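Following: one structure in structure tokens, then a few remarks.
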Amino acid sequence: MQPGWEEHPIARVSWYGACVFANGKSRDKGLAPCYDELTWSCDFTANGYRLPTEAEWEYAARGGEHTPYFRYPWGDAIDGSQANYQ
């Protein structure tokens, strides 16, 4: 990584790149990597970092177990402190 760019977002990352990053982060923290980088299968029993499944992402995006679902993960109202907009 180039000095001075530590806080900048990454763009155009592939799913494979995200998996490699998660494995690298897992190794840095002494955790077992979740992804096999030859077959790209995920070991969900490993304690390392991984991407959320579609179901996990939808659960989080809908605010968890709230019924009816919230419009936003934190509730039904929004202001500039919770999202990057004016």
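Worth a mention:
- Residue in the stretch 68-86 that is assigned to a loop (DSSP other than H, G, I, E, B), among the aliphatic types (A, V, I, L, M), free of Cβ contacts under 8 Å to residues at least 24 places away in the same chain and surrounded by 10 or more Cβ atoms within 10 Å (Cβ to Cβ) present: yes
- Some residue of the stretch 48-66 being charged (D, E, K, R), surrounded by 13 or more Cβ atoms within 10 Å (Cβ to Cβ) and either modelled with pLDDT of 95 or more or in contact with a helix residue (DSSP H, G or I) (Cβ under 7 Å, 6 or more places away or on another chain) (or both): yes
- Taken over the stretch 21-42, the criterion of being of a type in the set (Phe, Trp, Tyr) and either exposed (fewer than 13 other Cβ atoms within 10 Å of the Cβ) or touching a helix residue (DSSP H, G or I) at 6+ places or on another chain (Cβ under 8 Å) (or both) is satisfied by Tyr35, Trp40.
- Of all residues in the stretch 1-28, those that are farther than 10 Å from Tyr49 by Cβ have Cβ atoms under 8 Å from Cβ atoms of residues that are open to solvent by 60 Å² or more (accessible area, probe 1.4 Å) and not small (Gly, Ala, Ser), 6 or more apart or on another chain, in Val13/Phe21; Tyr16/Trp40; Val20/Glu37.
- Being at positive phi and at pLDDT 90 or above is a description that applies to Gly30.
- Positions within the stretch 1-20 being at pLDDT 95 or above, of a type in the set (A, V, I, L, M, F, W, C) and open to solvent by 70 Å² or more (accessible area, probe 1.4 Å), in sequence order: Trp15
The values are calculated or read from the model by the stated rules, or taken from the named source; none is laboratory data. Just so it is clear, the structure is predicted and the values come from calculations on it, not from any experiment. Neighbour counts run over all protein chains shown; Cβ positions are idealised from the backbone, glycine included. Note: accessible area is taken over every heavy atom of the protein model, side chains too, but ligands, DNA and RNA are not part of it. Shrake-Rupley method; radii C 1.70, N 1.55, O 1.52, S 1.80 Å.
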